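To start, the structure itself, in structure tokens.
The values are calculated or read from the model by the stated rules, or taken from the named source; none is laboratory data. Remember, predicted model here, so these are calculated numbers, not experimental data. Backbone-built Cβ (ideal geometry, glycine too); neighbour counts: all protein chains shown. Just so you know, the surface numbers come from the protein's heavy atoms only, side chains and all, with ligands and any DNA or RNA stripped out. Shrake-Rupley method; radii C 1.70, N 1.55, O 1.52, S 1.80 Å.
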Amino acid sequence: DLYRGDPHWAVQARRLMERYEEMGCEPTWTCAPYQLDIRPLFGEQIAWAESNAIVFANSVLGARTHRYGDFIDICAAICGRAPAAGLHLEENRRGTLLVRLEGLDAELLDRDVLYPVLGHVVGQVAGHRVPVIDGLPPLVDEDRLKALGAAAASAGSVGLFHAVGSTPEAPTAKAAFQGVEPERVVVVSSEELRAARDALSTTRDSRLGSVSLGTPHYSVTEIGRLVALLDDRQVHPDVSLYVSTGRDVLAEVRLRGWEEPLRSAGVVFVTDTCTYITPILSETSRPAMTDSAKWAYYAPGNLGVEVVFGSVEDCVASAVAGKVVRDDKIWGDD
């Protein structure tokens, strides 16, 4: 019902979906399959496509997959084999680039918005290398690691990162580097992060047409956060607030009694796809706002829309106000 693209393409896409189901595929239709009840275990050999899923499986779960494109993953599923190469092999999972965080405020380190911005920096400096990030708090939660990895995979070609004290192959920096010295060291301070934050916006226009959350797909926890942030307020009538998520997550949200209050407040749920890859936005002449570095990276080229990047708090405040609202004091701006 939300699709605004070529009807012929929609028919062809549905035919492809149906053929996959006939082959025995489970129709989850999410870019975040790691949020499902059954997900890969540490050390398990898998073959995944979708850049954020690849980097999450490798980095956060410790499963083994190389960066596969569409149809290569299907070939692997059919034959039950993947090439013994790339990130499937232990020696190729060794960190080669040290990203050292220095001088960051403790409050910034505990804000969700840091992680997509940091991921954007990491992707730019790492390229195809395996970065080891040192200086984050221990035990960073999965949603923050998801945002970091998705941004790193978009801005670079990162298929695996290690966050010291948080990801399973990096209890220490030495372990992440497998005892070998890093090939390069990059120091990231507030200055580099502010520059990356600014690069994720294409305009300073305060007008607002859309807000897009959920790239990668929002988790149950993230939607619960949205419930708290909206706090019974209404989305401005001139703004569309889209939340992309998986159908399994939305089912859980429904069971928790959150879906209808959010819809009544003006939230539009998008399942089975994402708003930067499928023509769904009803308004593209005015800027769109997002808390996702991945969405901010791809949407201008894919949709021809101007983008404003901000925290989820900024996005909700803007959706309610009907114009861009940002509080950048957390970044140390003058």
Legend entry - Residues (surrounded by 14 or more Cβ atoms within 10 Å (Cβ to Cβ) and under 26 Å from the mean Cα position of the chain (by Cα)) located in segment 180-193: VAL186, VAL188, SER190, GLU192, LEU193
Inset, instruction - Name every residue in segment 165-179 that is among the aliphatic types (A, V, I, L, M) and surrounded by fewer than 21 Cβ atoms within 10 Å (Cβ to Cβ), in order of residue number. - result: ALA173, ALA175
Inset, instruction - From (1) under 24 Å from GLY95 (Cβ atoms); (2) among the polar types (S, T, N, Q); (3) surrounded by fewer than 16 Cβ atoms within 10 Å (Cβ to Cβ), pick out the condition that doesn't hold for SER154. - result: (3)
Inset, instruction - Considering only residues that are farther than 25 Å from ILE277 by Cα and charged (D, E, K, R), look in segment 50-87 and name the one that is surrounded by the most Cβ atoms within 10 Å (Cβ to Cβ). - result: ARG64
Inset, instruction - Taking the residues in segment 266-303 that are part of a helix (DSSP H, G or I) and among the aromatic types (Phe, Trp, Tyr) as candidates, determine which candidate is nearest to the chain's Cα centre (by Cα). - result: TRP295
Inset, instruction - Could you run through segment 194-203 and say how many residues are in contact (Cβ under 8 Å) with a residue 24 or more places away in the chain and surrounded by fewer than 18 Cβ atoms within 10 Å (Cβ to Cβ)? - result: 4
Inset, instruction - May I ask you to verify whether CYS25 is on the phi < 0 side of the Ramachandran plot and modelled with pLDDT under 95? - result: yes
Inset, instruction - Go through the residues of segment 245-252 one by one and say whether even a single one is without any contact (Cβ under 8 Å) to a residue 24 or more places away in the chain and either of a type in the set (A, V, I, L, M, F, W, C) or open to solvent by less than 60 Å² (accessible area, probe 1.4 Å) (or both). - result: yes
Legend entry - Selection from segment 271-280 of residues that are in contact with a Leu (Cβ under 7 Å, 6 or more places away or on another chain) and crowded, with 20+ Cβ neighbours inside 10 Å: THR275, TYR276, ILE280
Legend entry - Among (1) closer than 20 Å to ARG144 by Cα; (2) in contact with a Lys or Arg (Cβ under 6 Å, 6 or more places away or on another chain) - the single one VAL220 does not satisfy: (2)
Inset, instruction - Go through (1) in contact with a Pro (Cβ under 9 Å, 6 or more places away or on another chain); (2) outside any loop (DSSP other than H, G, I, E, B); (3) of a type in the set (Gly, Ala, Ser); (4) open to solvent by 50 Å² or more (accessible area, probe 1.4 Å) and name the single condition SER206 misses. - result: (2)
Inset, instruction - Given the conditions (1) without any contact (Cβ under 8 Å) to a residue 40 or more places away in the chain; (2) under 23 Å from GLU313 (Cβ atoms); (3) touching a strand residue (DSSP E or B) at 6+ places or on another chain (Cβ under 7 Å); (4) surrounded by 22 or more Cβ atoms within 10 Å (Cβ to Cβ), report the number of the one that ARG144 does not fulfil. - result: (3)
